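None of the figures in this text is laboratory data; all of them are computed from the coordinates on show. Given the structure is predicted, the values throughout are model-derived calculations rather than measurements. Neighbour counts run over all protein chains shown; Cβ positions are idealised from the backbone, glycine included.
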């Protein structure tokens with residue numbers, strides 16, 4: 001019996017593609033190919049997403065890697081996120097319907113702190129009773145330990161949890177632990193898929 005439903009954020013609740021917008025905007029601002037911006041970000045992604053380095057350390061190091069001044073980099077990055085972030089309204093409607101049925105709704109997201117702070121400030125997490133963010137937990141998906149952490153905090157067995165994510169590797173880890181899962185491919189398919197569990 002499903003007692004809790006755990007959602008990914010980016011690509012599920014938040015529309016996909018925001019990082020591409022950011023890479024493009026930073027590249028345009030500084031005359032750098034967006035693939036280089038992406039590549040340098042990925043060098044720092046693991047430590048910043050798991051809270052091993054602070055946001056200031058992240059901006060400083062990324063600025064050094066790109067050869068740009070970090071404060072300007074931070075401004076264009078955050079401004080682009082603020083302008084480009086969009087919520088999937090149909091998914092939010094589905095969340096509302098599920099919540100009315102009495103299910104515990106939780107969020108499990110790999111997110112850098114500055115994005116998470118913006119999301120929190122603008123009420124993007126308000127649909128969820130529990131919010132588990134990689135930088136706070138110190139782990140990121142698909143590490144099995146972050147799923148075990150969530151199950152422990154929710155005080156539920158794997159079979160009582162339904163997990164929704166748009167990345168195959170995250171779904172694979174969850175399923176190995178016995179967590180029921182849905183691979184989010186598009187909203188229409190998700191709407192049909194989730195009915196099989198509720």
Calculate the tail of P(r) for segment 103-198: the fraction of all Cα-Cα distances greater than 19 Å, expressed in %. 43 percent
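Rounded if a/c is under 1.5, else prolate if a/b beats b/c, else oblate: with a ≥ b ≥ c from the C-alpha gyration tensor eigenvalues square-rooted, which is segment 39-124?
Working: a/c = 3.25, a/b = 2.17, b/c = 1.50.
Cα axes put segment 39-124 in the prolate bin.
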Please work out whether segment 157-198 counts as rounded, prolate or oblate from its C-alpha gyration tensor, where a ≥ b ≥ c are the square roots of the eigenvalues and a/c under 1.5 means rounded, while otherwise a/b larger than b/c means prolate and anything else oblate? oblate
Over segment 18-84, what is the relative contact order in whole percent, taking alpha-carbon pairs under 8 Å and six or more residues apart? 38 percent
Residue 155 to residue 92: FRET efficiency via 1/(1 + (r/R0)^6), r the Cβ-Cβ distance, R0 30 Å, to the nearest 0.05? 0.70
Scale the Cα Rg of segment 18-84 by the rule-of-thumb value 2.2 N^0.38 Å and send over the ratio, two decimals. 1.00
Estimated FRET transfer efficiency (residue 42, residue 130; beta-carbon r; R0 45 Å; 0.05): 0.95
Taking the mean number of other Cβ atoms within 10 Å as a proxy for protection, how do you rank 191-198, 166-173, 177-184 from highest to lowest? 177-184, 166-173, 191-198
At the level of C-alpha centres, the distance separating segment 131-186 and segment 76-109, in angstrom, is 17 Å
What's the whole-number percent of alpha carbon pairs in segment 79-135 lying beyond 12 angstrom? 71 percent
Extended-chain gain in nm, criterion 0.36 nm per residue less alpha-carbon gap, residue 55 and residue 144: 29.5 nm
Rounded to the nearest 0.05, FRET efficiency between residue 35 and residue 65 (Cβ-Cβ, R0 22 Å) equals 0.95
Using only the Cα atoms of the chain, construct the convex hull and provide its projected area averaged over every direction, in square nanometres to one decimal. 10.6 nm²
Chain lengthening between residue 189 and residue 75 when straightened (0.36 nm per residue, less Cα-Cα): 37.3 nm
Length-normalised contact order of the chain, Cα under 8 Å, at least 6 apart, in percent, tallies to 28 percent
Against the longest alpha carbon principal axis of the chain, how many degrees, from 0 to 90 and to the nearest 10, is the axis of helix 144-154 turned? 60 degrees
Note on the chain, DSSP bridge orientation, antiparallel percent to nearest 5 equals 5 percent
Protection proxy ranking, peptides 25-36, 102-113, average beta carbon neighbours within 10 Å, highest first: 102-113, 25-36
